[in-house]
Amino acid sequence: MSTGELPAGERFDWYSDIVAREVMPAALSSERPAEFQGEAAVLGLGEIRASRFSLSPLRSRRTAAMIRRGDPEQYQLAFLRKGATSLSQHRNECTIAAGDLMLWDTSRPSDNRMPAAGGQVQATILLMPRNIMPLRTQRLDQMLARRIPGDRGMASILASFMTSLEDHGAECTPEELHRLGMVAVDLATACLAQHLNAEDRLPAEARTQALMQRIHAFIEHNLGDPELNPSAVAAHHNISVRTLHQLFHVQGESVHARIRRRRLEQCRTDLAHPGLRGRPVSAIAARWGFSGPVVFSRSFREVYGISPTDFRALSVKDLCTERSE
């Protein structure tokens, strides 16, 4: 949904209606309503939703009277991808910039300001019913309108997840979206709990999910390290190799298989990339952590039924055919 096709005089009112319907009823105001531009998209994830917003700076106020008229009874967690914004709620106040996260409660009055000097604002927001959050309300109250830096710890993993959700969520099946919704709640809970020093109070399932997300993120970041193996993964996360294997057994894929699969997928992507045509196959294999070209070639053929060299040749041929058509 976008204001782009609407007359300038109707854009701000139209966007206000979208926010009231998809996020929460609020009083929006803009210093330049005639110049306002905005886009919005909503992705259903089972019990929760993810909303993507891009908009010109504005002010959003939610009063007690508005809450009485309509309240989705949600915690809303925003990851800011561009711009800046300030939030006041429950005696707390914060200002965040691109890369930060913040939480608010739709059942409490709030005042959100986006400074005009900050330019266009882009954000991804998780809209989560209050009753599915395992942390107690009194604990979560401490996190309202607090800046959560998105460049470290669980917040970094959650931010990456929300970015991927925005970029690729529309490609998923309904069943996959439902599972992603459960993952989103677990990651959000773990992120907030970490900032509250309350991780031990999380349900065992949520702690396990959060740990697995940290492990997967570590593996992705270190695929190019030939020393990446179950022992290294376990040591980094302060767990035993046996515990690590048990965690992966539940998911139906071993640690070694996960590392191997992701390395092969990355190599396959590079081999099909037109801009990497001049890079030797052995260099691509080494880039993604394979110990040598023989091991890589054998592994690639076992999975894809073709040698890396032949796969690259076919990819080039297919690209040329597409361009000629």
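Each reported figure results from applying straightforward, stated rules to the coordinates on display, with no laboratory input. Being a predicted model, the structure only gives us computed values, none of them experimental. Cβ: placed from backbone, ideal geometry, glycine included. Neighbour counts: every protein chain shown.
Pop a pseudo-label 7 angstrom from the Cα along the beta-carbon direction at both residue 152 and residue 241 and give the gap in nm to one decimal.
It works out to 3.2 nm between the two label points.
Any chance you could check the Cα centroid distance between segment 15-38 and segment 86-118 for me, in angstrom?
For segment 15-38 versus segment 86-118, the Cα centre distance is 16 Å.
With runs of 4+ DSSP H residues as the only contributors, calculate the mean residue ellipticity of the chain at 222 nm using -39,500 (n - 2.57) per run, divided by the residue total and rounded to the nearest 500.
Helix contribution divided over all residues of the chain: -15000 deg cm²/dmol.
With unit charges on the beta carbons (Lys and Arg positive, Asp and Glu negative) and the dipole taken about the Cα centre of segment 1-143, which residue among 120, 78, 9 sits farthest to the positive side?
Checking the options against the dipole of segment 1-143, the answer is 78.
Roughly how big is segment 207-325's charge dipole about its Cα centre, with Cβ charges of +1 (Lys, Arg) and -1 (Asp, Glu), in debye to the nearest 20?
160
By the gyration tensor of its Cα atoms, with a ≥ b ≥ c the square roots of the eigenvalues, what is the shape of segment 128-181: rounded for a/c under 1.5, prolate for a/b over b/c, or oblate?
Cα axes put segment 128-181 in the oblate bin.
About the Cα centre, and with charges only on the beta carbon of Lys, Arg (+1) and Asp, Glu (-1), how big is the dipole of the chain? Nearest 20 debye, please.
In total the dipole reaches around 700 debye.
With charges set only on the Cβ (+1 for Lys and Arg, -1 for Asp and Glu), what does the dipole of segment 259-324 come to about its Cα centre, in debye to the nearest 20?
Dipole size: approximately 200 debye.
Just going by the charge dipole of segment 259-324, with Lys and Arg at +1 and Asp and Glu at -1 on Cβ, which of 271, 292, 316 is farthest out on the positive end?
Farthest along the dipole direction, towards plus: 292.
Suppose a student asked you for the relative contact order of the chain, using Cα pairs under 8 Å spaced at least 6 residues apart; what percent would you report?
Relative contact order here is 12 percent.
Quick one: Cα centre-to-centre distance for segment 142-168 and segment 206-282, in angstrom?
Cα centroid of segment 142-168 versus Cα centroid of segment 206-282: 22 Å apart.
Assign one of three labels to the chain, namely rounded, prolate or oblate, based on the Cα gyration tensor with a ≥ b ≥ c the square roots of its eigenvalues; rounded applies when a/c is under 1.5, prolate when it is not and a/b is larger than b/c, and oblate otherwise.
It comes out oblate by the Cα gyration axes.
Report the FRET efficiency, 1/(1 + (r/R0)^6), for residue 262 and residue 130, where r is their Cβ-Cβ distance and R0 is 41 Å, rounded to 0.05.
With a Förster radius of 41 Å, E is 0.70.
Just going by the charge dipole of segment 3-221, with Lys and Arg at +1 and Asp and Glu at -1 on Cβ, which of 29, 159, 50 is farthest out on the positive end?
29
How much FRET efficiency would the formula 1/(1 + (r/R0)^6) give for residue 8 and residue 167, where r is the Cβ-Cβ distance and R0 is 22 Å, rounded to 0.05?
Calculated value: 0.15.
Would you mind putting 103-113, 38-48, 66-76 in packing order, based on average other-beta-carbon counts within 10 Å, highest first?
Listed from highest to lowest mean packing, they are 103-113, 38-48, 66-76.
With the crude spin-label approximation of a point 7 Å out along Cα→Cβ, what separation in nm comes out for residue 93 versus residue 315?
5.3
Given points 7 Å out from each Cα along the Cα-Cβ axis, report the residue 197 to residue 303 separation in nanometres with one decimal.
My value for the distance between the label points is 4.3 nm.
Between residue 204 and residue 41, what is 0.36 nm times their sequence separation minus the Cα-Cα distance? Round to one decimal in nm.
55.4 nm
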